[in-house]
Amino acid sequence: MSELTLEKYLVAGVEELGSWLRNGQTSPQELVELALTALKERAEPLNAVVNLAPERARVEAARATESLKSNRAGPLTGLPYGAKDLLATGGGLPTTWGAAPLREQQFDEDATVLRLLQNSGAVLTAKLAMVELAGGMGYNQPNASLTGPGKNPWNPERWSGGSSSGSAAAVGCGALPFALGSETWGSILSPASYCGVVGVRPTYGLVSRHGAMALSWSLDKIGPYARSVSDAAQVLQVIGQPDRADPTSSGREFFFRPHMFTNHRWRFGIVEAEVENAEGEVGQTVEAAIGHLEKIGTVKKISLAALPYAEVARIMIYAEASAAFEDFIEAGQVSGLTAPEDRVNPYSFETILAKDYIRALRVRHRIVTHLSEVLAEVDFLVAPTTATTAVPIDQPFNLSMGQRRMTQLSAASNLAGLPAVSLPVGFSRQGLPVGMQLVGDAFGDEGLLAAASRLEKLLNDTK
Amino acid sequence: MEISEEDRAAVEPQLQILKAKYGDKIGPEAEKEVIERLVDIKQRLEAIRKVALTADDEPLLHFAPRPVRRNE
């Protein structure tokens, strides 16, 4: 009989659970049952789950057991995980895109990332909650999902962030060791910050989007959540693969070899305006973490040029969403969405003219060039992930966040397709997590995660 | 969101086009929300138009990130 209890499972990460599996201290079947219990008891009360997948999980767990017996196991073999519900699943498991009108939507096959994870032996255990249509309709409140507002694992009266609400919350509450989310503008990193977990936004084109809901073809990315940087890197190593089915796939593979960076020293550029714009406690906590960066490199303050980052990002998302959801909008299906503003906002998107979109693309080119110039001088850009800690669940964002809704770096780096990681660096006095983001060069994902892992160790050593 | 009379007037033609196309989907209670979004889009486009572009600022029609050449 295994000695693995629910309490031990809840705090174990990818590395630890994988080690127990390979040593025979637990089994994929036992982990699936623990995950299902944890999802029901901990994640469902946070509105983090759309559908559990017990039957599929038990079949995949049996397959993983065979792999373990025949020594064909990889780091994720036998580990339960969850996927944001915009990743298509075949086999009769619905894919709702977080939208009530699509509650029963079915696809014939899995998204590429889920197929890659299945091949690695990971066990899909739940489809996780998200803001309806990944927030593309312009929502202004936490209550914008068919599963209700995502509640924060650290305080259920606070929001879990969006749009990958359930993925971050399920990892944050311990129900799953890792999960997949997606980001168009802030949707992986912001929930990671609010829920106190690690979130990785890979370089645009590193991870296949085949089978994922399209919100903005030129901005959408898929990435992992986990409890540590190295755990997230293990997941990215599986999903960061070329895919002929995705025309934007870069053809590159992701490898994580942290030993290659053991004594490396990096140049960190602190985006000063972002630290100053953050809420007091957020800024102070991030400044304390920046102090640790001096142990692994040089630190200097930098400024981003005055460019309309947020405006370009918003216009691009509205215009592309208007095309991606044209049928849904024109058929009036938006009237079934949860947030009242999402039921009418999208009609206005089609007023964006082609020449406006092209102008935004020209300014985007300017933004990409500017970030390339900045990243020629430093290796990483550093800032608070979000300007506030998790906001109240019952207030519209224009009240709870005001002008602090999104950071400039978030808009700029998403427009440039750059990789980023958010890691927890402390807590507010109210016990809410504070996240810090590091943004790296295009396809510099490995060095970025190696640096974040070094920082994480320094932070853990001082606890 | 506070909307000036000038902004309200500027988006009126677009509002009428949307109402003609979508009819009762944009009822009186939804109209205020649509106007706010139209003004929001208008203001964002104005901010984008303030960037002085040159012939070198070609649109990024096929977006593929590239690593930068480093200044070590």
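Need one number: % antiparallel among DSSP beta bridges in segment A:1-136, to the nearest 5. Please list the in-between numbers first.
Numbers: 3 of 8 bridges.
Antiparallel bridges make up about 40 percent of those DSSP assigns within segment A:1-136.
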Please list log₁₀ I(q)/I(0) at q = 0.08, 0.13 Å⁻¹ for chain A, using the Debye equation with identical point scatterers on the alpha-carbon positions. -0.41, -1.16
Dividing the alpha-carbon radius of gyration of chain B by 2.2 N^0.38 Å (N being the number of residues), what value is obtained? 1.69
Percent antiparallel among DSSP beta bridges confined to the protein assembly as shown, nearest 5, equals 65
Given points 7 Å out from each Cα along the Cα-Cβ axis, report the B:Ala52 to A:His259 separation in nanometres with one decimal. 5.6
Of A:Phe328, A:Val382, A:Val368, which is farthest along the charge dipole of segment A:320-463 in the positive direction, counting Lys and Arg as +1 and Asp and Glu as -1 at C-beta? A:Val382
Calculated from DSSP helices alone, with each H run of at least 4 adding -39500 (n - 2.57) and the total divided by the residues of the protein assembly as shown, [θ]222 nm to the nearest 500 comes to -12500 deg cm²/dmol
Segment A:167-251: Rg/Rh from Cα coordinates, Kirkwood Rh? 0.97
Label model pair A:Gln105, A:Ser70: point-to-point distance (7 angstrom along the Cα→beta-carbon line) in nm is 3.6
With r defined as the distance between the Cβ atoms of B:Lys42 and A:Arg267 and R0 fixed at 35 Å, what FRET efficiency is calculated, to the nearest 0.05? 0.30
By counting other Cβ atoms within 10 Å of each Cβ, how are A:Glu15, A:Glu60, A:Glu276 ranked from fewest to most? A:Glu276, A:Glu15, A:Glu60
Quick check: net charge around A:Ala306, other residues with Cβ under 13 Å of its Cβ, Lys/Arg +1 and Asp/Glu -1? +1
Hey, with R₀ at 22 Å, roughly what FRET efficiency would A:Arg63 and A:Arg22 work out to, going by the Cβ-Cβ distance, to 0.05? 0.85
Which pairs, out of A:Lys40/A:Lys84; A:Lys221/B:Lys21; A:Lys69/A:Lys221, put more than 25 Å between their alpha-carbon atoms? A:Lys221/B:Lys21; A:Lys69/A:Lys221
Determine the sum of side-chain charges near A:Gly181: Lys and Arg each +1, Asp and Glu each -1, restricted to other residues whose C-beta is under 10 angstrom from that of A:Gly181. +2
Setting aside same-chain residues fewer than 8 positions from B:Lys19, which aspartates and glutamates have a Cα under 14 Å from its Cα? A:Glu330, A:Glu350, B:Glu29, B:Glu31, B:Glu33
Test item: B:54-61 mean partner chain Cβ contacts at 10 Å: 6
In nm, spacing of pseudo-spin labels at A:Glu294 and A:Gln333 (7 Å Cα→C-beta vector): 5.5
Summing Lys, Arg as +1 and Asp, Glu as -1, what charge do residues with Cβ under 12 Å from the Cβ of A:Lys355 carry, A:Lys355 excluded? +2
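Output the peptides A:279-285, A:31-37, A:69-75 sorted from most to least packed, where packing is the average of other Cβ atoms within 10 Å over each peptide's residues. The partial results should precede the final answer.
Details: A:279-285: 17.4, A:31-37: 21.9, A:69-75: 13.7.
The peptides rank, most packed first, as A:31-37, A:279-285, A:69-75.
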Per the rule of 0.36 nm per residue minus the C-alpha distance, extending B:Ser4 to B:Arg70 adds in nm 19.0 nm
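Where the only charges are on Cβ atoms (+1 Lys, Arg; -1 Asp, Glu), what is the dipole of segment A:301-365 about its Cα centre, to the nearest 20 debye? Could the numbers behind the result be given before it?
Details: 7 positive and 9 negative charges, 110 e Å.
Using only the charged Cβ atoms, the result is roughly 520 debye.
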Using only the alpha-carbon atoms, how far is helix B:5-22 inclined from the longest principal axis of chain B? Give it as 0 to 90 degrees, nearest 10. 80
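Values in this text are rule-based calculations from the coordinates and carry no lab data. Just so it is clear, the model here is predicted, and its values are computed rather than measured. Cβ coordinates were reconstructed from backbone atoms using ideal geometry, including for glycine residues, and neighbour counts include every protein chain displayed.
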